[in-house]
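The values are calculated or read from the model by the stated rules, or taken from the named source; none is laboratory data. Because the structure is a prediction, the values reported are computed rather than measured. Backbone-built Cβ (ideal geometry, glycine too); neighbour counts: all protein chains shown. With ligands, DNA and RNA removed, areas are computed over all heavy atoms of the protein, side chains included. Shrake-Rupley method; radii C 1.70, N 1.55, O 1.52, S 1.80 Å.
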Amino acid sequence: MPPSLQYHGAAIAFLHTAAIHIETFNALRDEFAPGLAIAHAVREDLLIAAEKAGGLTPATSLRTQEALLALAQGGARVVVCTCSTLGEAAEQAAREADVPVMRIDRPMADRAVRDAGRIGICATLAPTLAPTRDLIASSAARAGRDCDIREFLFDDVWPAFREGRLDDYYEGVAARLSDASKHVDLLVLAQASMAPAAALAGALRAPLLSSPRIGFEAAARIAGVRVQEG
């Protein structure tokens with residue numbers, strides 16, 4: 001039986017498309033909500049399918065929704081999709097689930113449109129750009145804000161991630177952030193996998209947001225968990 005179909009009884013259940021995110025969100029749990037029961041399901045096949053198709057297809061969206069709903073049925077108080085490329089499927093699943101289902105990057109997008117007018121999206125995977133642009137545009141519309149959204153694609157470093165050369169991946173992203181920050185008021189990292197690059201980027205001309213920390217705090221609050229200050 002796939003992990004996403006098992007009863008887990010966790011307060012927050014995460015659907016990832018790469019196993020490295022397990023450590024990231026376990027660390028955030030330990031920082032903000034020690035002892036909180038969380039569960040993880042990893043479905044690399046979903047992102048691989050989206051990559052091959054150049055974006056989220058109806059078939060991949062359906063499979064993603066099924067995985068998210070299975071996690072919801074496993075006992076979660078909130079389910080989180082940590083893959084930005086699949087984010088739209090998470091919001092579709094939310095309409096069918098008995099518990100909240102969220103995409104990890106929605107809280108980041110909401111904060112970005114609150115704080116800036118010119119927002120730069122940085123991504124290393126091309127199919128992530130369009131859903132992130134749509135996400136920020138929808139957050140802006142909800143907030144009644146006008147935003148100028150610009151895109152920065154660092155796809156030359158994506159092979160390093162796929163090959164497991166994570167230090168090269170983080171350093172490659174960090175090296176490109178300085179130039180991107182010159183053209184906007186705020187940068188967002190479209191993929192959760194990019195978050196560690198922020199610590200390597202040094203001083204930038206624009207603030208930089210990434211989704212894991214902001215999204216985890218939001219998910220914990222939705223789950224009714226008191227979040228400790230980090």
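A few comments on the model shown:
- Restricting the range 103-127 to residues that are within 23 Å of V78 (Cβ to Cβ) and β-branched (V, I, T), the residue that is surrounded by the most Cβ atoms within 10 Å (Cβ to Cβ): I104
- Some residue of the range 159-172 being surrounded by 22 or more Cβ atoms within 10 Å (Cβ to Cβ) and assigned to a helix (DSSP H, G or I): yes
- P127 within 17 Å of the chain's Cα centre (by Cα) and within 18 Å of T17 (Cα to Cα): yes
- For the range 25-39, the set of residues classified as open to solvent by 50 Å² or more (accessible area, probe 1.4 Å) and closer than 15 Å to A192 by Cα consists of A27 only.
- Single residue of R111, R118, R165 found to be modelled with pLDDT of 95 or more and closer than 26 Å to Q92 by Cα: R111
- Being touching a Gly at 6+ places or on another chain (Cβ under 7 Å) and over 23 Å from R103 (Cβ atoms) is a property that does not hold for A199.
- Failed condition for A93, given (1) free of Cβ contacts under 8 Å to residues at least 60 places away in the same chain; (2) open to solvent by 30 Å² or more (accessible area, probe 1.4 Å): (2)
- The residue pairs whose first member lies in the range 192-206 and is open to solvent by less than 20 Å² (accessible area, probe 1.4 Å), whose second member is in a loop (DSSP other than H, G, I, E, B) and of a type in the set (S, T, Y), and whose beta carbons are closer than 7 Å, counting only pairs six or more residues apart or on different chains, are A192/T82; M194/T124; M194/S210.
- Residue in the range 44-52 that is under 20 Å from V225 (Cα atoms), of a type outside the set (D, E, K, R) and buried (at least 17 other Cβ atoms within 10 Å of the Cβ) present: no
- From the list Q65, Q73, the one residue that fits, being over 13 Å from the mean Cα position of the chain (by Cα), at pLDDT below 95 and more than 16 Å from A192 (Cα to Cα), is Q73.
- Count - residues of the range 173-191 that are of a type in the set (S, T, N, Q) and open to solvent by 10 Å² or more (accessible area, probe 1.4 Å): 2
- A search for C-beta distances below 6 Å between a residue of the range 32-55 that is modelled with pLDDT of 95 or more and among the hydrophobic types (A, V, I, L, M, F, W, C) and any residue that is assigned to a strand (DSSP E or B) and open to solvent by less than 60 Å² (accessible area, probe 1.4 Å), counting only pairs 6+ apart in sequence or on different chains, returns I38/I12; A39/A13; A41/L15; V42/H16.
- Only residues that are open to solvent by 40 Å² or more (accessible area, probe 1.4 Å) and in contact with a Lys or Arg (Cβ under 8 Å, 6 or more places away or on another chain) were counted in the range 207-225, giving 2.
- Exclusive hit being of a type in the set (S, T, Y) and open to solvent by 40 Å² or more (accessible area, probe 1.4 Å), set T17, T57, T85: T57
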